[in-house]
Amino acid sequence: MILVALLLILMIGGLLGWLLSSVNKNIPKWISLIALLTDLVLVAGLWIENAGNVNLSGKGGWIADVQFEWIPNFGSTIHFGMDGISLVMTALTFFLGIAAVLSSWKNVEKSEGFYHFNIMWLLAGITGVFLSLDMMLFYFFWEIMLVPMYFIITIWGHENRKYAGWKFFLFTQIGGLMMLLSILGLYFLHGYNTGAYTFDYFQLLGTAPGGALGFWLMAGFLVAFFVKLPTIPFHSWLPDAYTEAPVAGSVIVAALMSKTAAYGLLRFVIPFFPEAARSFAIPGLIIGVAAILYGAKMSYGQRNYKRLIAFSSFSHMGFIVVGVFSFNALAYQGVLMLMVAHGLSIAALFIISEFVYDRTRTMDMQAMGSFWDRMPNLGGYTVVFIMSSLGLPGLANFVAEFLILAGAWQFNTVLSVLATMGLIVSVTYSMRILQKVFHQSKTSVEYKLNPMSPREWVVMGSITIAIVWLGFFPQSVIGIAQPAFDNIKTIQVAEKISPQMRKQTYSLNQVKAVSTAEQKGGDL
């Protein structure tokens, strides 16, 4: 029931804050903060309880599971489950959700209750995506994310917020509809072949067809995930949405919402369509490499501070695509690490951009300069997060990108070398931030740069600690998720397990038995 509680705390907290905003406009933000802290404590308890749990492998990596009847006539249930991957991503969601609320603590000037209602329901949608094991329920939460994000951009965003909001909504809505068609295709195919119509994740595993039909079903998922990630050629909504959104919106859409797409690639595309995914491996790697290099080029050419960060995020998402389509254990571990590391570093950079905007009321880097002399503390934090994005050893991104590139090298040497060039060119746009904002000659405009407040110190300090910790102790994330990755690696032989063994879920030991039997040339 703890999985249901995680969602209800967010949803009820958002609704309660909205209703009580008429009493005092400060109530919603305190309710949001308390709700997110409560969820983070609950997830931390699960993490501590299951860290180093040797029994997880025997459970296929699953930590918690709960299922209720929902629409039995259509084979749909309320089915939530958490494995190591889900645990890591929900912890990241609540941690960065707290950072988003704190970073916008004094920036919301209208409709505070409705603002925090949308923030909490947006985070609930993201959490639901990470926990859903019924495909219709997954689609339900996938769509829930869109509406609050649309309101956050169009109501509390910057000058071109309505254009950015509509562009975001249309792109992601169309992608979601393509995924819905593929989900329905799996549903009807499974029902036709087995006589049981169901949306259950485990029962649909291993039933996807091969050939052209399997490829087109996979394509529906790919479009939805490539739009949300985003990557080439579905990325044009990104710079507008990331730039025009308020700080909490930028943090959530870049650091968390994009990770739901990466999660979807690992959770659904690879296990559901192993044959079709492998046939798409080289095009997938090419798309990832193109996104890395093109995003770096576009980032360097930006004058707007937030727009530069937006394109740098787009570039780093290319590494996730490269890792997913490299099909080996190192790359999958790197993908999860990058989901966490990029989420932390890109959230911090967007929050810093908001701190600068609060003091200057501009995002034009040409109008900035010499901030290091007057705000050395903020400059120091900026150096840490830029170095993390560059992959400096000792910080989280280095571990993630090293694992991805090591895995990609085993799969395709040429494309892995081209992806590595992204680490080199990223130096150019990253150093541009430091040079333009903190070190270029003083401009004719004089700004009153107030020192960092205790709230800002808490936000920056906590993210810095997380990035450094993961840089030195990446096994704290990789270890808890490893049983789930073992399941993903071996699930490609799961269709050979007898139906009696596959009633509800694939046990990792059962799947390994198939692999062992194959290696010995014998039968299961």
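Structure summary
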read-out: Shape of the range 78-122, Cα gyration tensor, a/c cut at 1.5; value: oblate
read-out: Charge sum, other residues only, whose C-beta stays under 15 Å from Leu184's C-beta, Lys/Arg counted +1 and Asp/Glu -1; value: -3
read-out: Prolate/oblate/rounded call for the range 379-455, Cα gyration tensor, a/c under 1.5 rounded; value: oblate
read-out: Expected 222 nm ellipticity per residue - DSSP helices of 4 or more, -39500 (n - 2.57), all of the chain, to 500; value: -23000 deg cm²/dmol
read-out: Kirkwood Rh and Cα Rg combined as Rg over Rh, evaluated for the chain; value: 0.97
read-out: Efficiency of FRET from Cβ geometry, Trp70 and Leu181, R₀ 22 Å, rounded to 0.05; value: 0.55
read-out: Per-peptide average of other Cβ atoms within 10 Å, ordering 341-354, 371-384 highest first; value: 341-354, 371-384
read-out: Rounded, prolate or oblate (a/c below 1.5 giving rounded, otherwise prolate when a/b exceeds b/c) for the range 1-147 by Cα gyration tensor; value: oblate
read-out: Relative packing of 220-231, 108-119, which averages over residues the other C-beta atoms within 10 Å, highest first; value: 220-231, 108-119
read-out: Inter-centroid distance (Cα atoms) of the range 342-383 relative to the range 156-185, Å; value: 29
read-out: Tilt relative to the chain, helix 475-490 - C-alpha long axis, 0 to 90 degrees, to 10; value: 40
read-out: Label-point separation, Val468 to Tyr163 (7 Å along Cα→Cβ), nm; value: 4.3
read-out: Whole-Hz ³J(HN,Hα) from phi, Karplus 6.51 cos²θ - 1.76 cosθ + 1.60, for the range 152-161, glycine and proline x; value: 4, 6, 6, 9, 10, x, 8, 4, 9, 5
read-out: Protection-proxy order for peptides 27-36, 3-12, 361-370, each taking the mean of Cβ atoms within 10 Å per residue, highest first; value: 27-36, 3-12, 361-370
read-out: Of all accessible heavy-atom area on the chain, the percent that carbon and sulfur account for (1.4 Å); value: 65
read-out: Of Lys306/Lys436; Lys167/Lys228; Lys162/Lys297, pairs whose Cα-Cα distance is over 18 Å; value: Lys162/Lys297
read-out: Per residue, in Å², the accessible surface of the chain once ligands and nucleic acids are set aside, probe 1.4 Å; value: 37
read-out: Crossing angle, helix 84-103 versus the chain [Cα axis fit, 0-90 degrees, rounded to tens]; value: 20
read-out: Using alpha-carbon coordinates, inclination of helix 211-228 to the longest axis of the chain, degrees; value: 20
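The values are calculated or read from the model by the stated rules, or taken from the named source; none is laboratory data. As the structure is a prediction and not an experimental result, all values here were calculated from the model. Positions of Cβ are generated from backbone atoms using ideal geometry, with glycine treated the same way; all protein chains shown enter the neighbour counts. Surface areas here come from the heavy atoms of the whole protein model, side chains and all, with no ligands, DNA or RNA. Shrake-Rupley method; radii C 1.70, N 1.55, O 1.52, S 1.80 Å.
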